[in-house]
Amino acid sequence: MQSFRYSPAAPLSGYIDSFWYRRGYAPQRRCERALPGGSVDVTFNLHEDRIRMFRDAADREGLTVNGAIVHGAQSRYFVLDARKDVHVVGVHFRPGGGVLLGLPASELRDRHLALEDIWGVQARCVREQLLEAGEPRAMFRVLEREFLRRLQLPLLVNPAISFALRQFDSSRPLRIEAVQHATGYGERRFVALFDSIVGLTPKLYSRVQRLKRAVAQIAVGKSELAQIALDHGFYDQSHLTREFREFAGVTPGAYRPVPDRDPLHAEVDTR
């Protein structure tokens with residue numbers, strides 16, 4: 001399986017974590033749980049003009065869109081289809097960076113929709129340019145040009161929310177109340193601003209990030225769950241298990257990371 005990743009330079013680096021590319025034939029590939037990570041993602045399917053995902057492991061109908069799909073910030077896992085012929089390119093935004101798509105992140109929360117529903121015909125034009133580009137580096141340049149163009153539009157970047165994200169993403173995050181107080185905003189205004197820009201409330205985003213850090217440690221398989229719970233600020237192992245089940249749909253013991261993928265990609269036992 002070919003796999004490439006490219007992190008753009010400033011000013012896009014303030015919004016986009018990376019462009020990524022994967023191509024290959026994977027006859028044994030199964031559906032995957034995509035655990036929440038707190039950010040927005042876009043995936044273009046270049047193998048065929050359709051892409052499919054499922055609400056959860058029990059969903060049999062799924063959702064199919066043409067060309068490219070946008071995953072808003074999620075409050076729980078969803079399931080990626082088991083494509084055998086993989087040829088995809090995507091954009092992994094930084095938390096809050098989804099503003100480049102042209103919608104408040106709060107309107108994308110827990111949603112999966114066609115990029116064409118947001119960009120109109122331009123989404124199809126970008127996909128055609130990606131197909132014509134042919135190779136990963138040229139595809140990344142296509143995406144870079146498109147988002148640099150969109151960066152010229154008026155964008156509201158709130159420094160208070162950037163500050164809050166840095167705090168919540170740290171290994172030793174401050175309490176939400178302390179971060180809110182440091183921004184100078186009242187509670188209701190701070191929550192509304194954060195939700196609009198990030199797509200999750202501060203409390204929900206902080207829970208997602210805490211679980212994300214725990215998942216990364218669980219995936220390594222070298223620590224006991226009780227210690228992991230202590231390391232990441234859970235009350236106890238039972239609290240970690242409850243949070244894990246709520247966000248991932250399985251217990252930590254049933255979690256199986258997909259080999260050679262981000263720990264937020266987990267195997268689905270049945271489909």
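The values are calculated or read from the model by the stated rules, or taken from the named source; none is laboratory data. Note that this is a predicted model, so its numbers are computed, not measured. Neighbour counts are summed over all protein chains in view; Cβ atoms, including those assigned to glycine, are modelled from backbone coordinates with ideal geometry.
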### Message
Any residue that is assigned to a helix (DSSP H, G or I), surrounded by fewer than 15 Cβ atoms within 10 Å (Cβ to Cβ) and modelled with pLDDT under 95 - is there at least one of those in region 127-146?
### Response
no
### The lone exception for Arg188 - which of (1) exposed (fewer than 15 other Cβ atoms within 10 Å of the Cβ); (2) charged (D, E, K, R); (3) in contact with an Asp or Glu (Cβ under 8 Å, 6 or more places away or on another chain) it fails
(3)
### strands (runs of 3 or more DSSP E) lying entirely in region 1-55 (those with 1 or more residues that are over 21 Å from Arg213 (Cβ atoms), at pLDDT 95 or above and among the hydroxyl-bearing types (Ser, Thr, Tyr))
2-6, 16-25, 41-45
### Message
Scan region 73-92 and tell me whether some residue there is within 24 Å of Leu193 (Cα to Cα), among the charged types (D, E, K, R) and part of a loop (DSSP other than H, G, I, E, B).
### Response
yes
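Going through Glu267, Glu243 one at a time, which residue ends up being within 22 Å of the chain's Cα centre (by Cα) and modelled with pLDDT under 95? First the steps, then the outcome.
On the way: Glu243 fails: modelled with pLDDT under 95.
Of Glu267, Glu243, the one residue that is within 22 Å of the chain's Cα centre (by Cα) and modelled with pLDDT under 95 is Glu267.
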### Query
For Gln167, are the conditions met, namely being modelled with pLDDT under 95 and crowded, with 18+ Cβ neighbours inside 10 Å?
yes
### Query
Which one is nearest to Leu101 (Cα to Cα) among residues in region 57-77 that are aliphatic (A, V, I, L, M) and in contact with a strand residue (DSSP E or B) (Cβ under 8 Å, 6 or more places away or on another chain)?
Val70
